[in-house]
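The values are calculated or read from the model by the stated rules, or taken from the named source; none is laboratory data. Quick caveat, the model's predicted, so the values are computed rather than measured. Cβ: placed from backbone, ideal geometry, glycine included. Neighbour counts: every protein chain shown. Please note that ligands, DNA and RNA were not included when accessible areas were found on the heavy atoms of the full protein model with its side chains. Shrake-Rupley method; radii C 1.70, N 1.55, O 1.52, S 1.80 Å.
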Amino acid sequence: MDKLMSDLKKQIIVQLNLRDVKPEDISDDQPLFVEGLGLDSIDALELIVLLQQEYKIKLSNAEDGPKVFQSVRTMADYITAHQAQKV
Amino acid sequence: MNTQEYITASCSISNHIVYKNGIQVFEKKFTALSEFLDAAYLHFDIQYPRFYKMDNLSKLGFLGVEVLLKDDFRPAGYEAEETGLVLANASASLDTDLKYYGTVYSIPSPALFVYTLPNIMIGEICIRHNFKGENAFFVFKQFDATFMEQYVSNLFGNQLLKTCICGWVELLEEGHKLVLFLIEKEKRAQSVPFMVENLRNIFLNGAA
């Protein structure tokens, strides 16, 4: 889980062009949107693309978005759950 | 002849060189355009992380306005609704259109898609500086000083604006040329009348 969260932080920075942010600046439970990392709606779409590109996961229900993208940890939980389903 | 408004500042960017009022203020040759734009952002010590999310056209326009307003502009003197932005170029957003098109065969990029209109650049600049006045973006084969003078003069004449940034922001692949003018009612040191001839001279030669 720690390795997955560490990878996610690096991938989020690259995918969203967060040049001034380092992986260690993002805590595992920090909110990604608004008051946290300050991401916006376009960033949310890019996070969906990231899941698809890096983890072959399609977010089937858009209403799940706010829960899935709440923090790096919730993203990692979602990915882990999906990978477990595939096995 | 309209002498009620003045060109109080100008900024030009071409061939990887930035000029403010005809004086070179930054240069980074022999690099890719994207590297030049990022280097200029760092050089002018602009603190605006959103810059890195922009496409190259928006980055160019954003940097041009930053340099244009640096030291010369007194935003406290104007209401947000009194500052306008009128820009033009030849290639619209084609640079980003092509980049976006390159992604549609795999997973289309939302971050590129949002920049597939040239007036998004105007939005980025307005967000940065809180401008809420009249704005417009035109696509012409080349810079039309006559049109620009008439259009902007009309905005001033109808009391819609007290200041306006206007000019040319062209970018396609590595090619780029920006010339921006700050137009104000108040005459200042080194300002010249807002006239077609002066727009044309600054566009071509960097000075009126």
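If you go through segment B:133-167 and keep only what is surrounded by fewer than 19 Cβ atoms within 10 Å (Cβ to Cβ), in contact with a strand residue (DSSP E or B) (Cβ under 8 Å, 6 or more places away or on another chain) and farther than 20 Å from residue B:179 by Cα, you end up with just B:160.
One residue stands out among those in segment A:43-87 that are in contact (Cβ under 8 Å) with a residue 40 or more places away in the chain and not charged (D, E, K, R): the one that is farthest from residue A:18 (Cα to Cα), which is A:80. All of (1) in contact with a Ser or Thr (Cβ under 9 Å, 6 or more places away or on another chain); (2) on the phi > 0 side of the Ramachandran plot hold for residue B:159 with one exception: (1).
Of all the numbered requirements in (1) more than 14 Å from chain A (Cβ to nearest Cβ); (2) buried (at least 16 other Cβ atoms within 10 Å of the Cβ); (3) in contact with an Asp or Glu (Cβ under 6 Å, 6 or more places away or on another chain), residue B:96 misses one, and that requirement is (1).
The conditions of being assigned to a loop (DSSP other than H, G, I, E, B) and either in contact with a strand residue (DSSP E or B) (Cβ under 7 Å, 6 or more places away or on another chain) or within 27 Å of residue B:189 (Cα to Cα) (or both) are not met by residue B:7.
The helices (runs of 4 or more DSSP H) found wholly in segment B:33-151 and carrying at least 2 residues that are more than 18 Å from residue B:14 (Cα to Cα) and not basic (Lys, Arg) occupy B:94-101, B:110-113, B:119-129.
Close contacts from segment B:16-35, counting a first residue that is farther than 17 Å from residue B:59 by Cβ and without any contact (Cβ under 8 Å) to a residue 40 or more places away in the chain and a second that is open to solvent by 40 Å² or more (accessible area, probe 1.4 Å) and part of a loop (DSSP other than H, G, I, E, B), with Cβ to Cβ under 8 Å and a gap of 6+ residues or different chains, come to B:29/B:15. Within segment A:27-39, the residues that satisfy the criterion of being among the hydrophobic types (A, V, I, L, M, F, W, C) and within 14 Å of another protein chain (Cβ to nearest Cβ) are A:37, A:39.
Each row is one residue, and each column tells you yes or no for (1) more than 17 Å from residue B:126 (Cβ to Cβ); (2) of a type outside the set (Ser, Thr, Tyr); (3) under 17 Å from the mean Cα position of the chain (by Cα); (4) surrounded by 14 or more Cβ atoms within 10 Å (Cβ to Cβ).
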site: B:4; (1), (2), (3), (4): yes, yes, no, no
site: B:7; (1), (2), (3), (4): yes, yes, yes, yes
site: B:16; (1), (2), (3), (4): yes, yes, yes, yes
site: B:43; (1), (2), (3), (4): yes, yes, no, yes
site: B:46; (1), (2), (3), (4): no, yes, yes, yes
site: B:52; (1), (2), (3), (4): yes, no, no, yes
site: B:55; (1), (2), (3), (4): no, yes, yes, yes
site: B:85; (1), (2), (3), (4): no, yes, yes, yes
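Across segment A:22-42, the qualifying residues are those that are of a type in the set (A, V, I, L, M, F, W, C) and touching a residue at least 12 places away in the same chain (Cβ under 8 Å), and the one among them that is surrounded by the most Cβ atoms within 10 Å (Cβ to Cβ) is A:26. Looking across segment A:43-72 at every residue that is in contact with a Leu (Cβ under 9 Å, 6 or more places away or on another chain) and open to solvent by 50 Å² or more (accessible area, probe 1.4 Å), the one that is farthest from the other protein chains (Cβ to nearest Cβ) is identified as A:70.
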